[in-house]
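**Q** Take this structure first; my questions come after.
The values are calculated or read from the model by the stated rules, or taken from the named source; none is laboratory data. Since the model is a prediction, treat every value here as computed from it, not as a measurement. Note that each Cβ is placed from the backbone with ideal geometry, even for glycine, and that neighbours are counted across all protein chains shown. With ligands, DNA and RNA removed, areas are computed over all heavy atoms of the protein, side chains included. Shrake-Rupley method; radii C 1.70, N 1.55, O 1.52, S 1.80 Å.
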Amino acid sequence: TKEQTFTMESQAPPPPTPLLPEMGVKPKSPITFDWKDVTDESPPVTYTLQIANNKDFPADAIVLEKKGLTKSEYILTTEEGLKLPGREAPYYWRVKAVDGAGNESQPTGAGEFYVSPPLINLPGMGWMLYALFGMGGVLLFIIGYLLGRRTAYYY
C-alpha cells in the first residue's frame, strides 16, 4: 500500500457576465445567449443556462435548463424556441459557472427579454401557410392570364 495526499479545490468560480440578449429587447430568432468566459483553478469550466417566466426562478417557472455547456454561448433550437411562446410578459435568463471540482458559482442577475408571438402558433402550420400563399399566387396568375387573354380578343 501507498499513501497519497488528495486535495480538492473548494473555491467556486466567479459568476459569468451576461452579454446577450440585452435587457428588455425582443431578439430575432434563433435567440442567442452569450456571456463572458470564466476561468478557474479547476478546469474545465462548464455552464448552466436557465430560462424562466418568473424573475425569481422558482422550479415550476423554469421553462428551459441546459447543463454542461462547454461554450460561453448558446443558440436556441427551433424546438426549444417553441417552448417560449410569445406573450406580453418578459422571460428571464441567467447562467452559472461550474468548475471541474463541481463548485457552482452564484447565478448571474436575471436578464429580461421578450419573445414575439408567431403568426400561427399551431405545430405544423408553417408549411401550410407557405402552401396557401403558393396556391393563392398560382390562382392569381391563372385569373390574370384568363382576363388578359379575354381582353386581348375584344380589340
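**Q** Once the Cα atoms of helix 125-153 and of the chain are each reduced to a long axis, what angle between those two axes, in degrees from 0 to 90 to the nearest 10, is obtained?
**A** That works out to roughly 20 degrees.
**Q** Using a 1.4 Å probe, what is the accessible area per residue for the chain, in Å²?
**A** Working: 11090 Å² over 155 residues.
Heavy-atom SASA per residue in the chain reads 72 Å².
**Q** Explain nothing, just compute: Karplus ³J(HN,Hα) = 6.51 cos²θ - 1.76 cosθ + 1.60, θ = phi - 60°, for every residue of region 15-31 in order, whole Hz, x for Gly and Pro.
**A** Whole-Hz 3J(HN,Hα) from phi for region 15-31: x, x, 9, x, 10, 9, x, 6, 4, x, 9, 9, x, 7, 7, x, 6.
**Q** Region 33-112: D in µm²/s via Stokes-Einstein (Kirkwood Rh, Cα pairs, 37 °C, 0.692 mPa s)?
**A** My calculation gives 247 µm²/s for D.
**Q** While we're here: Grab the chain and count how many Lys pairs have their alpha-carbon atoms under 14 Å apart, sequence gap of 8 or more, or different chains.
**A** Counting lysine pairs in the chain gives 6.
**Q** Here's something else I'd like to know. Give me the log10 of I(q) over I(0) for region 4-52 at q = 0.23, 0.26 Å⁻¹, as the Debye formula computes it from C-alpha points; what are the numbers?
**A** Normalising to I(0) and taking log10 leaves -0.96, -1.10.
**Q** Next question, about the same structure. When Lys and Arg each count +1 and Asp and Glu each count -1, what net charge do the other residues less than 11 Å away from T17, Cβ to Cβ, add up to?
**A** Working: positive: K36; negative: D34, D37.
In short, -1.
**Q** Using a 7 Å offset from the Cα along the Cα-to-Cβ direction at both L82 and M23, what is the distance between the two label points in nm, to one decimal?
**A** Simple spin-label model gives 3.4 nm for this pair.
**Q** Using θ = phi - 60° and the Karplus relation 6.51 cos²θ - 1.76 cosθ + 1.60, list the HN-Hα couplings for region 75-85 in order, rounded to whole Hz, with x at every Gly or Pro.
**A** Each residue of region 75-85 in turn: 10, 5, 7, 4, 4, 5, x, 5, 6, 10, x Hz.
**Q** Then there's this: Compute from the Cα atoms of the chain the Rg and the Dmax, the latter being the longest Cα-Cα distance, and quote both in angstrom.
**A** 25.5, 109
**Q** For region 4-104, which whole percent of the accessible surface, found with a 1.4 angstrom probe, sits on carbon and sulfur atoms?
**A** Working: 3110 of 6280 Å².
Roughly 50 percent, rounded to a whole number.
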